[in-house]
Amino acid sequence: MASGANVVLDDVPSLDLMTELLRRMKCASKPDKRLILIGPPGSGKGTQSPIIKDEYCLCHLATGDMLRAAVAAKTPLGIKAKEAMDKGDLVSDDLVVGIIDEAIKRPSCQKGFILDGFPRTSIQAEKLDEMLAKQGTKIDKVLNFAIDDAILEERITGRWIHPLSGRTYHTKFAPPKVPGIDDVSGEPLIQRKDDTVEVLKSRLESFHRQTEPVIDYYTKKGVVAQLHAEKPPNEVTIQVQKALL
Ligand code: ADP
Ligand code: AMP
């Protein structure tokens, strides 16, 4: 069903309205969940997120997707973020903290959220916890997509995405029905500009130096679940389900 402030309900087909109503009724019985997905680029966070989102009626907030949309739209935020993103460096903490602060207030995040690619530094983690403390909430679980670096090059260089929805494919591991075309919308898929062997090196360096301390930060709080992210996607989904019981 179309979403957005300007939808005229009279124009929405009854079947779509009923489906949405049923979805919301089912969601009302689900527990609230505030989750962080942490792992290096290509570890499978974006692949698992839609499954978790549907199961628990959460919103999926992927800072990388949000920043890429801002770069494509040439907004002031996008202009500030582009240079660092092209090089595989992290953008400034203030920029991403601002995006998340806004986003978690959305109505779609009412039952909780999946943070995918955020927090990526200890400062971001501390700011997030401050934000949540103000709302009287906290992070329930951090899913650590643990994987050996050696596996990531093939995953990253074979990745194709549908930019509008964030749907992810892989030439070998998750091919679309028609090469280069999104299964759902029929629109073209693209490869990310930073999904190259060269830029992956900087992204992995940032992950080990700046993001791994975030795992230690949440381990001390006792909320980290370890996943074997090198396993096939459906096996990772089962591990996620067990971690969220
Ligand atoms: P991330 O969001 O962590 O950067 P993605 O979910 O986009 O990673 O996955 C990176 C690539 O690897 C995608 O092309 C995806 O289809 C593929 N992929 C994801 N999970 C697996 C898996 N468990 N096994 C093999 N390939 C996978
Ligand atoms: P991703 O889609 O998660 O691989 O992110 C793509 C790029 O966006 C990263 O290489 C960073 O340049 C930037 N980015 C995404 N999330 C963050 C974050 N939480 N902090 C800083 N930079 C980020």
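Throughout, read-outs are computed from the coordinates displayed, never taken from laboratory work. Computed from a predicted model, the values in this text were never measured in an experiment. Cβ coordinates were reconstructed from backbone atoms using ideal geometry, including for glycine residues, and neighbour counts include every protein chain displayed.
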Subject >> Whole-angstrom gap from the stretch 1-77 to the stretch 153-190, using each part's C-alpha centre >> reply: 19 Å
**OP:** Return the inverse of the average 1/r over all pairs of distinct C-alpha atoms in the stretch 36-136, which is the Kirkwood hydrodynamic radius, in Å to one decimal.
**Re:** 14.2 Å
Original post:
Which of the lysines could a cross-linker bridge to Lys82, judged by Cα under 17 Å and excluding same-chain residues fewer than eight apart?
Top reply: Lys74, Lys193
Original post:
Normalised by the number of residues in the chain, what is the relative contact order in percent for Cα pairs under 8 Å and 6+ residues apart?
Top reply: 26 percent
Subject >> For the chain, the spread of Cα positions along each principal axis, largest first, Å >> reply: 52, 45, 41
Original post:
So, by mean Cβ neighbours within 10 angstrom, what's the order for 118-126, 164-172, 19-27 with the highest one leading?
Top reply: 118-126, 164-172, 19-27
Original post:
How large is the charge dipole for the chain, taken about the Cα centre, if only the Cβ atoms of Lys, Arg (+1) and Asp, Glu (-1) carry charge, to the nearest 20 debye?
Top reply: 460 debye
Original post:
When the Karplus curve 6.51 cos²θ - 1.76 cosθ + 1.60 is applied with θ = phi - 60°, which whole-Hz ³J(HN,Hα) does each residue of the stretch 77-84 get, with x for Gly and Pro?
Top reply: 4, x, 5, 5, 7, 4, 4, 4
Subject >> Fully extended contour minus Cα-Cα distance, from Ile51 to Lys105, at 0.36 nm per residue >> reply: 17.3 nm
Original post:
Which links in Lys53/Lys138; Lys53/Lys105; Lys201/Lys242; Lys105/Lys221; Lys201/Lys221; Lys30/Lys138 stretch past 21 Å when you go from one Cα to the other?
Top reply: Lys201/Lys242; Lys105/Lys221; Lys201/Lys221
Original post:
What number, rounded to the nearest 500 deg cm²/dmol, is the helix-based mean residue ellipticity at 222 nm of the chain, given -39500 (n - 2.57) per DSSP H run of at least four residues and division by all its residues?
Top reply: -13500 deg cm²/dmol
Original post:
Which residues' amide hydrogens lie under 5 Å from the amide hydrogen of Trp160, considering only partners 5 or more residues apart or on another chain, with H built in the peptide plane?
Top reply: Tyr169, His170, Thr171
**OP:** Please give the contour-minus-distance gain from Glu187 to Ala133: 0.36 nm per residue of separation, less the Cα-Cα distance, rounded to one decimal in nm.
**Re:** 15.3 nm
Original post:
What are the semi-axes of the equivalent ellipsoid for the stretch 79-209, taken as the square roots of 5 times the Cα gyration tensor eigenvalues, largest first, in whole Å?
Top reply: 28, 20, 15
